[in-house]
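One structure below.
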Amino acid sequence: MVALTAMALTAAMFALSGVATQRGEATAAGAEKAGPLVYFAHGQAMDESGAPIRLDPTRIQTEQAHLAGRAFAAMPTEARPGADALQQALHEAAESEADRIISEAALIYWMLDRAKGAEANMLRRLNGGLLFSYPGSARGIGDDPDFWKNLGERPRGLLDKAGFNWPWIVSYTPPPATQYMKDCLAAGVPVPPDWGAAEWLSHGQQETRFLTVETPDTEVFVYRSQQPEGLCMALPRSTGTTISTLQIICQGKRSSRACFWDNRINGVKQYIEKGQRRPIQDFTGGDNITFGGENCTDCHAGFNAFVVHPGTAVDLTQLGIDMQPTVWYQPIISPASPQNPGPETALANIPLGTASETLYVPLWGWFPWWRTYSVQERSCVACHALPDVSKTPAYCGSVLGNAVERTMPPAPDTVHAGWELISSGTDLAFEKHVNALRKACGRPPAQRQISAATWFQ
């Protein structure tokens, strides 16, 4: 039961009038208060809840300190004294901000070269993402494949003496067709045409943005393949006439396999001017995308490789295009990346019936006013085949939480289910399933709040 005084109810109604614009919005203030780094999505650093993180040099160094501690713990015991000595020497040799950030990233790579397992693979991705985000400007240090030259002579000498292998100093010449392209075609997945080719058709601007702080323009492009049958989707993110981030996903209809491409080479962004043609061989394939922080299948999980927000530009069903694979999709991607675990079973045995709630408010001293609501409970898996969210924390934060809060259920429903806050009344229909998913994601139950709209229904 929820009880409020008449004055409190009035205050609550005023506060709730802005809920629609506040819930789930990624603001600059939120980016400053975000929790520790957990993953990168399309170049954006995110915390566990899916909130974006603004990576200025100070925040990068804070996150590097956390990664260094985890990398040290992942090392064999006998290798740790050498790491301690190297870190102390690098700290003493650093003479600038660039020295501190680049040498700390190199130290973390050095420690991870001596560690093994899934934790080490994940830390490599995060370390690369932090390094290539420095110095946090539109075109950071990661845009220059020779940026390691910014590191001072003393720390470079120490790292060379320690036998450090600079992972990003790799020459790259695009072959006629990469092995990854051949593997995708052999598995029944379309290979996208060159970027900028006439086969790419624009489906307009994607207005629903869950990931970025600055919210660059995002346009949706589609390529439909007949042989093999399938679909490719590209989301170039641009500022002005320059595309800074461009990822491509292709999914085979009959094979139910999916492949991924990214416009980074060895972690370095390849800026593309709008209208410029770029061979698909210039893009990094899913077998090597994790270098530089990205990990496609952290978020692109579930029955379908595409993350679709109903009624937006990525929802191609509006054009009569079937976006679904034949069976649960399997990614063709690095073994270090999640392999689309699932489907989710946490909701299978939850009985659904009628949810009710009584809202009570004492008015004018002793005179009571109460309303009782009853709604038919509803299922999240009636329409969705979700991944095993206990194994996909990034999916919990970036996809599931944002969708439940902002787009689910879709029209003709007018009230979304709620992720952090569940409003009294109609939102209660999904409360059991939302809380079961939150538990599987390692989160506490959602809080209830009084909805002014519900009160006066």
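Observations
- Cross-link pairs exceeding 32 Å in C-alpha to C-alpha distance, out of LYS253/LYS391; LYS116/LYS432; LYS161/LYS269; LYS161/LYS391; LYS253/LYS432, comprise LYS116/LYS432; LYS161/LYS391; LYS253/LYS432.
- Long-range HN-HN contacts of GLU377 with modeled amide H, under 5 Å: GLY353, THR354, ALA355
- Restricting segment 67-131 to trypsin sites (Lys or Arg not before Pro) in coil, as DSSP defines it, with at most 13 other Cβ within 10 Å: LYS116
- What the Cβ-Cβ distance of VAL327 and ASN349 gives, at R0 = 25 Å and to the nearest 0.05, is a FRET efficiency of 0.60.
- Annotation: extensible slack from GLU207 through LYS391 equals 63.3 nm (criterion: 0.36 nm per residue apart, minus Cα-Cα distance).
- Theoretical gain in end-to-end length, SER379 to GLN88 [0.36 nm per residue, Cα-Cα removed]: 99.3 nm
- Taking Cβ atoms as reference points and 11 Å as the exclusive limit, the residues near TYR395 contribute a net charge of -2, counting Lys and Arg as +1 and Asp and Glu as -1.
- Sequence-ordered 3J(HN,Hα) estimates for segment 410-420 from the Karplus curve with 6.51, -1.76 and 1.60 and θ = phi - 60° stand at x, 3, x, 4, 10, 10, 7, 5, x, 10, 7 Hz, glycine and proline given as x.
- Within the accessible area of segment 61-103, the carbon and sulfur atoms contribute 51%, probe 1.4 Å, all protein chains present.
- Amide H contacts of ARG448 (H built 1.01 Å from N, in plane; Pro and chain starts excluded): ILE422 sit under 5 Å, all sequence-distant by 5 or more or on other chains.
The values are calculated or read from the model by the stated rules, or taken from the named source; none is laboratory data. Please read these numbers as outputs of a predicted model, since none were measured by experiment. Quick reminder, even Gly has a Cβ in these numbers, built from the backbone with ideal geometry, and neighbours come from all protein chains shown. What goes into the accessible areas is simple: the full protein's heavy atoms, side chains included, and nothing from ligands, DNA or RNA. Shrake-Rupley method; radii C 1.70, N 1.55, O 1.52, S 1.80 Å.
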